Amino acid sequence: MTNDRFAQEGVRALDALVDAGLLTSADTTTTTPRFTLGPDGGSGEAVVPAKTYELTDAGRAAYRTYESGVGSVGAFCYGRWESEIVGFTDPAESSEGNLTTVTYTRRLADTPSWAAVPVLASRSTTRRHGAAGPEQLRMYLVRTDTGWVRTGG
């Protein structure tokens, strides 16, 4: 059994990427396990409608892969972060060493028009936060022998 709502949202997102020119789609069929009740029931396979999706040239240009804790994953690049330092505290001694707090803003820049399509924008927490405009954040840095390094603070 599949979660139909999740599957429908995924198909809507893929179709939005088709509309944006990042993917192509084609109708096809696939086989899936099935179980039926009744005198002729039992396990078997059923041929069901399906779609295949492939990257277009524009899609390949916007698609990035990277290593994560579960292996190689990929996603479409929907912009880049621009950051600006707002301020920082005077370095002070802490249990970790000489510590400073840097306050900065960041915003998404160079965002393609397809990234604003609601079904696509709603699928990424980072994108939702970045779409709201600049956000102010803090970073804690500790001085080490090799320079300032980010720490948990």
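The values are calculated or read from the model by the stated rules, or taken from the named source; none is laboratory data. This one's a predicted model, so the numbers in the text were calculated from it and none came from an experiment. Please note: Cβ atoms are built from the backbone with ideal geometry, for glycine as well, and neighbour counts cover all protein chains shown. Areas reflect the complete protein model, heavy atoms only, side chains present, ligands, DNA and RNA absent. Shrake-Rupley method; radii C 1.70, N 1.55, O 1.52, S 1.80 Å.
Below are the figures for this structure:
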quantity	calculated
Which numbered condition ASP40 misses (of (1) farther than 25 Å from ALA7 by Cβ; (2) touching a residue at least 12 places away in the same chain (Cβ under 8 Å); (3) of a type outside the set (Val, Ile, Thr); (4) exposed (fewer than 10 other Cβ atoms within 10 Å of the Cβ))	(2)
From the options LEU23, LEU99, LEU108, residue that is under 28 Å from MET139 (Cα atoms), in contact with a helix residue (DSSP H, G or I) (Cβ under 6 Å, 6 or more places away or on another chain), surrounded by 10 or more Cβ atoms within 10 Å (Cβ to Cβ) and not β-branched (Val, Ile, Thr)	LEU108
Evaluation of ALA50 against (1) in the same structural domain as MET139 (by the TED database); (2) in a strand (DSSP E or B) (one fails), failing number	(1)
Conditions (1) under 16 Å from the mean Cα position of the chain (by Cα); (2) assigned by the TED database to the domain that holds ASP15; number of the one not met by PRO112	(2)
Qualifying positions in the stretch 113-153 - open to solvent by 90 Å² or more (accessible area, probe 1.4 Å), under 28 Å from THR100 (Cβ atoms) and modelled with pLDDT of 85 or more	GLN136, ARG138, ARG143, ASP145, THR146, TRP148, ARG150
The lone exception for GLU96 - which of (1) at pLDDT below 90; (2) within 30 Å of ALA16 (Cβ to Cβ) it fails	(2)
Residue in the stretch 57-69 that is small (Gly, Ala, Ser), in contact (Cβ under 8 Å) with a residue 40 or more places away in the chain and either part of a loop (DSSP other than H, G, I, E, B) or in the same structural domain as ARG143 (by the TED database) (or both) present	no
Hits in the stretch 79-88 (condition: open to solvent by less than 40 Å² (accessible area, probe 1.4 Å) and within 22 Å of ASP57 (Cβ to Cβ))	GLY79
